[in-house]
Amino acid sequence: QVQLVESGGGLVQPGGSLRLSCAASGIIFSIYNMDWYRQAPGKQRELVAAITSGGSTNYADSVKGRFTISRDNAKNTVYLQMNSLKPEDTAVYYCHAQWTRHYWGQGTQVTVSL
């Protein structure tokens, strides 16, 4: 059974930082491309950051220079370090794994507010 379990979300003030984690099980993690998506209320789910099995990364323009995606294949975990958070970063953040199939985590809420 494949599981992607996100953690690390919460409430943070503007300008603050959070680190999201996504622990994978049931897949050969190292061969999967891993992504973080987010969905704000009333909006479509959007790609935030991606990391390939080889370690190449890509970011949405709105988070470039503030967010960093990384992976630890020994721990079957992908991370999203989020710095300089803004209220518009408020959303549910989802972990996504893709290779020949794709899988989603359950999401973790990030709220940026005073």
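The values are calculated or read from the model by the stated rules, or taken from the named source; none is laboratory data. No experiment lies behind these values; they were computed from the predicted model shown. We place every Cβ from the backbone using ideal geometry, glycine too, and count neighbours over all the protein chains shown. Areas reflect the complete protein model, heavy atoms only, side chains present, ligands, DNA and RNA absent. Shrake-Rupley method; radii C 1.70, N 1.55, O 1.52, S 1.80 Å.
Go through 88-98, 39-49 and give me the packing order, highest mean Cβ count within 10 Å leading. Mind dumping the intermediate values first?
Values: 88-98: 19.6, 39-49: 13.2.
Going from most to least packed, we get 88-98, 39-49.
Round to the nearest 0.05 the FRET efficiency obtained for ALA74 and GLN44 when R0 = 25 Å and r is the Cβ-Cβ distance.
Numbers: r = 34 Å, r/R0 = 1.37.
Computed FRET efficiency for ALA74 and GLN44: 0.15.
What are the ³J(HN,Hα) values, in whole Hz, obtained from phi via the Karplus relation 6.51 cos²θ - 1.76 cosθ + 1.60 with θ = phi - 60°, for each residue of segment 22-32 in sequence order, with x given for Gly and Pro?
Result, rounded to whole Hz: 9, 9, 9, 9, x, 10, 7, 3, 5, 9, 8.
For SER56 and GLN98, calculate 0.36 nm times their separation in residues minus their Cα-Cα distance, and state this gained length in nm to one decimal. Could you put the intermediate results ahead of the total?
Working: separation 42, 0.36 × 42 = 15.12 nm, distance 1.45 nm.
Net length gain for the segment: 13.7 nm.
Where the only charges are on Cβ atoms (+1 Lys, Arg; -1 Asp, Glu), what is the dipole of the chain about its Cα centre, to the nearest 20 debye?
Rounded to the nearest 20 debye, it is 40 debye.
Let me test this: with uniform point scatterers at the alpha carbons of the chain, what is the Debye-based log₁₀ I(q)/I(0) at q = 0.14, 0.18 1/Å?
Those come out to -0.50, -0.83, one per q.
Going highest first, how would you order 5-16, 54-65 by mean Cβ packing within 10 Å?
Descending packing order for the listed peptides: 5-16, 54-65.
State the extension gain, in nm to one decimal, for the chain segment bounded by GLN81 and ILE27, taking 0.36 nm per residue of separation less the distance between their alpha-carbons. Please list the in-between numbers first.
Details: separation 54, 0.36 × 54 = 19.44 nm, distance 2.32 nm.
Difference between extended and current length: 17.1 nm.
Heavy-atom accessible area per residue, the chain, 1.4 Å probe: how many Å²? Don't jump to the answer; show the numbers that get you there.
On the way: 6050 Å² over 114 residues.
For the chain, the solvent-accessible area averages 53 Å² per residue.
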